[in-house]
Amino acid sequence: MTFLEYIRTRRLTDTPAGDFTRDARADGRLPDARTWRELRSYLEGRGAIREAIAAAHQVWTAYQARLRDAEPDINQRAKAIVDRVTGDD
């Protein structure tokens, strides 16, 4: 899932993070950032206020957590491969 995909699916709330999400959906130039640094740089270049950047960071952190939750633990994947190769599954 990319950051822009996450923004499109994130629930809108009456919070600073919800405000950022709403604004991000409306911003046709928002980059599909791969790093927090890239997103922050874009926001700073657009003159975003400190509170908006803090809300964006909250959304970015939630996005990263979603990515971690969506991927199986690397050790589980490695074990599954070993089990398949050795016939232990």
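The values are calculated or read from the model by the stated rules, or taken from the named source; none is laboratory data. Model, not experiment: these values are computed from the prediction. So basically every Cβ, Gly included, is an ideal-geometry build from the backbone, and we count neighbours across all protein chains shown.
Select from the stretch 8-42 the residues that are within 13 Å of Gln58 (Cβ to Cβ) and of a type outside the set (Gly, Ala, Ser) and list them in ascending order.
So in the stretch 8-42, the residues within 13 Å of Gln58 (Cβ to Cβ) come out as 10, 13, 15-21, 24, 36, 39-40.
Those that are within 13 Å of Gln58 (Cβ to Cβ) and of a type outside the set (Gly, Ala, Ser): Arg10, Thr13, Thr15, Pro16, Asp19, Phe20, Thr21, Trp36, Leu39, Arg40.
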Quiz item: Which residues, taken from the stretch 43-59, are part of a helix (DSSP H, G or I), of a type in the set (D, E, K, R) and farther than 20 Å from Arg11 by Cα?
Solution: Glu44, Arg50
Practice problem: Scan Asp23, Asp69 and give me the residue that is acidic (Asp, Glu), assigned to a helix (DSSP H, G or I) and modelled with pLDDT under 95. | Solution: Asp69
Practice problem: Only residues that are within 17 Å of Ile53 (Cα to Cα) and part of a helix (DSSP H, G or I): list them for the stretch 3-20, please. | Solution: Phe3, Leu4, Ile7, Pro16, Ala17, Gly18, Asp19, Phe20
Quiz item: Across the stretch 26-42, what is the total count of residues that are among the basic types (Lys, Arg) and assigned to a helix (DSSP H, G or I)?
Solution: 2
Practice problem: Please name all residue pairs, on different chains or six or more residues apart, with Cβ atoms under 7 Å, provided the first residue is in the stretch 1-13 and is farther than 15 Å from Ala26 by Cβ and the second residue is surrounded by 19 or more Cβ atoms within 10 Å (Cβ to Cβ) and modelled with pLDDT of 95 or more. | Solution: Phe3/Ala33; Phe3/Tyr63; Tyr6/Tyr63
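From the list Arg10, Arg40, Arg46, which residue is of a type in the set (D, E, K, R) and loosely packed, with under 13 Cβ neighbours inside 10 Å?
Arg46
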